Amino acid sequence: MKVIVDDKIPYIRGQIERLADEVVYLPGSAISKSDVRDADVLIVRTRTHCNRELLEGSSVQLIVTATIGYDHIDTAYCDAVGIQWTNCPGCNANSVCHYVHHALEATGRLNPSYTIGIVGVGHVGSLVAADLEACGMKVLLCDPPREDLEVRGERLEVRDVPSFVSLSTIQAEADIITFHTPLTKEGPYATYHMADESFFHQLPHCPLIINASRGGVVDNDAMLRALNEGLIADAVVDTWEGEPNINRELLHRVAIATPHVAGYSADGKANATRMSLEAVARFMGVDFVPEIILPDAPCLSVETLLDDSRLLKLHPDRFEEMRGSYPVRREYF
C-alpha cells in the first residue's frame, strides 16, 4: 500500500511506515495529480485540495485529513466515485479553547461583566462555553443544526440539552461573538460568509469578534469595513480568507492576528495524527496502536499569543512559514 503524507503532519514518521509498504512525504500545497496517481491513501491537511482535478484517474481509495475542517475535500466527488474520506473531529478542541481564553485575557474581556455569544457548539464551542461559564461570564449558545437534531430527540449522547438562542439574539445581546462552525456553502445551515455586511450592520453593542474556525465563515472585507465604520470594537483573527495571501489591511486593523495556529498544540496535533493512523488501520482491517510520545514544552500564554500576533503583522509574507514551523506548545487541561 502506498501512502502520500503531508510533510508537516507531526509524530507520523515511523508510525505510518508500520502500516504502509511505501510512504512519500510532500508539502501539502505541492501534492499533485502525478504524485497521487498510484497512491492508495492520502493523509493531508487543509493545504491539499482533494477534488476531481487532483484525484481523477488515480488509485486513491482513502483520504484522511488530520484536521477538524474538511472543506478542502470535495466530499460529493469522493462519494460519487467511491473514495472514502474522514476527518479528525475534536482533535484540537482543547487547544482552540485555550486560544480563545487567552485572547479574551489579552483584550481585557475575560470578565463576568461581559456576555459572549458562541456560534457553533460542537467539540470546540462546547469547551469554550464550559470554560467561560466557569469564569463567570454569561454565555449564549447558537447552533441551529445541533438544536434541530436535539429538539427532534436525535442527539447521539444522553445529556442535558443546552438552551440555544438565535443568531439574531446573539447579535442583539453579546459583547463578544466567537465562531466555531465548519465552513459549508450549501444547505439550510450554510456558514460561508455567515458574518457578512448585513450581519455587521445589525450589531447594536459594537462587540469584539473572534474567528478561530474557518476563514470563510467571516467575510474579511466586510469585517474590515465594520472595523473602519466602528460597527465592531475589535477583532481576533486566526483563520483567514485566502490563506496564506491574507488581507493585509485587515491584518493591521485587528487586535490579535495569528497564522491559523489556534489548534496547534502538541496535544492537538498528536490527537489528529493518532486519529489519522487509526483511520488508515480501520481501512486496512488491522489492529494498530500508535506510539506517540509528546515532548515537554510551555503552554500558550497571553505573552506568546501577543508575540505571535506582532510577528505576523511584521512579516505577513511569512504566514505559511510561521504556520509550518510553529513552536511546540502543550495544553494545560
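Values quoted throughout were computed directly from the atomic coordinates according to the rules given, and no laboratory measurement underlies them. Predicted, not measured: the structure shown is a model, and the values here were computed from it. Here the Cβ positions follow ideal geometry from the backbone for every residue, glycine too, while neighbour counts run over all protein chains shown.
May I ask you to compute the full-extension gain from THR304 to VAL165, defined as 0.36 nm times their residue separation minus their alpha-carbon distance, rounded to one decimal in nm? Before the final figure, lay out each step's value.
Values: separation 139, 0.36 × 139 = 50.04 nm, distance 3.41 nm.
This chain segment gains 46.6 nm when fully extended.
Highest mean first, how do 249-258, 271-280 rank when packing is the count of other Cβ atoms within 10 Å averaged over residues? Don't skip to the answer; put the middle values down first.
Values: 249-258: 19.3, 271-280: 22.3.
Answer by packing, highest mean first, reads 271-280, 249-258.
Rounded if a/c is under 1.5, else prolate if a/b is larger than b/c, else oblate: which is region 47-204, with a ≥ b ≥ c the root eigenvalues of its Cα gyration tensor? Walk me through the numbers on the way to the answer.
Values: a/c = 1.93, a/b = 1.90, b/c = 1.02.
Judged from the Cα gyration tensor, region 47-204 comes out prolate (a/c at least 1.5, a/b above b/c).
Quote the FRET efficiency, to the nearest 0.05, computed for LEU149 versus ALA281 with a Förster distance R0 of 30 Å and r equal to the Cβ-Cβ distance. Intermediate results must be reported in sequence, preceding the final value.
Numbers: r = 30 Å, r/R0 = 0.99.
After rounding to 0.05, the efficiency reads 0.50.
Give me the distance in nm between label points sitting 7 Å out from Cα along the Cα-to-Cβ direction at GLU291 and ASP21, one decimal.
Label-label distance for GLU291 and ASP21, simple model: 2.4 nm.
Just from its helices, what would the mean residue ellipticity at 222 nm be for the chain, if runs of 4 or more DSSP H residues each count -39500 (n - 2.57) and the sum is divided by every residue, rounded to the nearest 500 deg cm²/dmol? Intermediate results must be reported in sequence, preceding the final value.
On the way: 13 runs with 113 residues, N = 333.
That comes out to -9500 deg cm²/dmol.
Taking the Cβ of LEU277 as the center, what net charge do the other residues with Cβ under 13 Å away carry, scoring Lys and Arg +1 and Asp and Glu -1?
That works out to +1.
Which distance in nm do the two modelled labels at ASN51 and SER325 give, with both placed 7 Å along the Cα-to-Cβ direction?
Result: 3.1 nm between the two label points.
Can you list the cysteines of the chain that have no other Cys Cβ under 4.7 Å away?
CYS50, CYS78, CYS97, CYS135, CYS142, CYS206, CYS299, each lacking another Cys Cβ under 4.7 Å.
From the Cα gyration tensor of region 289-333, with a ≥ b ≥ c the square roots of its eigenvalues, which class applies: rounded if a/c is under 1.5, or else prolate if a/b is larger than b/c, or else oblate? Please list the in-between numbers first.
Numbers: a/c = 4.01, a/b = 1.64, b/c = 2.44.
In terms of gyration-tensor shape, oblate.
By how many nm would the segment from GLU186 to ASP7 grow when fully extended, if each residue of separation counts as 0.36 nm and the alpha-carbon distance is taken off?
Gain in length upon complete extension: 61.3 nm.
With a point put 7 Å past each Cα toward its Cβ, work out how far GLU229 is from CYS206 in nm, to one decimal.
1.5
Please compute the length gained on full extension between LEU311 and CYS135, using 0.36 nm multiplied by the number of residues separating them and subtracting their Cα-Cα distance.
Details: separation 176, 0.36 × 176 = 63.36 nm, distance 2.95 nm.
60.4 nm is the gain from fully extending LEU311 to CYS135.
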